[in-house]
1. Being at pLDDT 85 or above, open to solvent by less than 40 Å² (accessible area, probe 1.4 Å) and touching a Ser or Thr at 6+ places or on another chain (Cβ under 8 Å) is true for just one of L171, L129, L184. Which residue is that?
2. Quick check on my filter: what residues within the range 124-144 are in contact (Cβ under 8 Å) with a residue 12 or more places away in the chain and within 17 Å of the chain's Cα centre (by Cα)?
3. Given the conditions (1) modelled with pLDDT under 85; (2) outside any helix (DSSP H, G or I), report the number of the one that V5 does not fulfil.
4. If the requirement is being in a helix (DSSP H, G or I), open to solvent by less than 20 Å² (accessible area, probe 1.4 Å) and at pLDDT below 80, which of these qualifies: A98, A77, A54?
5. Give me a count of the residues in the range 186-210 that are touching a residue at least 40 places away in the same chain (Cβ under 8 Å) and closer than 30 Å to L56 by Cα.
Amino acid sequence: INGGVNLEKLPMIFPLTLLTATAYSIFYYVISQGEIALTGTINAMYPLATIILARLFLGETTSGLQNLGIMATLAGAVLIAWPKNVKVKLESWVWWGAAGAIMAGSGDFLTKLIIGKSDVYTFTLSHELAFIPVMAGLWWADKGGRSVPRLQLKSWWPTLVGVGMLQMGVLSFYIALSLGKASLVAPISSAYQAITVILAVLLLKERVSKRQIGGIIATVMGMMLIAYK
């Protein structure tokens, strides 16, 4: 509301935002089909779907250095997420992870498309409203997920703070999509995994492997190449 909402365009974009809300919501069901360490690794490649769709339908182009930066960023994301002692086999988690990556990447592409037809604040309002019928549909379909956990402030306040921070990050991502190319914004956004690892080391005293350090370096170098003019 602070940024200005175009109420005339809201009905026009709402059907499309139902698709983005559905894609982001069903994603959690997809990753539940296997260990998150495994499905999450494949899902780290979600920007590829955004890049391909943006080039096919939005006509976006990138320079040679930017393409190199995209590859380095994606490689870094996979190295960071890759679990220990896992051999590459075409098991079910590969297909579920790929499905999650396609859905997340397609959701980002649709977000860029809708923002282009309206604006970032009108889309944000429509997107949040779209979650109401989507959540109602999932509640109707998912009988096992209807039970509400016991609400205790002591255990829930970190979740509430985390969700609040996440929503601020999501809004920043939408603003970035409104200003730049989806094929560049999506790979840069995947760098959140590197930030997670760094914070885990500093605050939780977790150890990182050489592979993860290499992934962080690749991610940072990739972001620098994408931003280079």
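The values are calculated or read from the model by the stated rules, or taken from the named source; none is laboratory data. What you are looking at is a predicted structure, and each value in this text was computed from that prediction instead of being measured. Here the Cβ positions follow ideal geometry from the backbone for every residue, glycine too, while neighbour counts run over all protein chains shown. All accessible areas refer to the heavy atoms of the entire protein, side chains included, with ligands and DNA or RNA removed. Shrake-Rupley method; radii C 1.70, N 1.55, O 1.52, S 1.80 Å.
1. Among L171, L129, L184, only L184 is at pLDDT 85 or above, open to solvent by less than 40 Å² (accessible area, probe 1.4 Å) and touching a Ser or Thr at 6+ places or on another chain (Cβ under 8 Å).
2. Within the range 124-144, T124, H127, F131 qualify.
3. Going through the list (1) modelled with pLDDT under 85; (2) outside any helix (DSSP H, G or I), V5 breaks only (1).
4. Numbers: A98 fails: open to solvent by less than 20 Å² (accessible area, probe 1.4 Å); A54 fails: at pLDDT below 80.
None of the others qualify; the one that does is A77.
5. Result for the range 186-210: 8.
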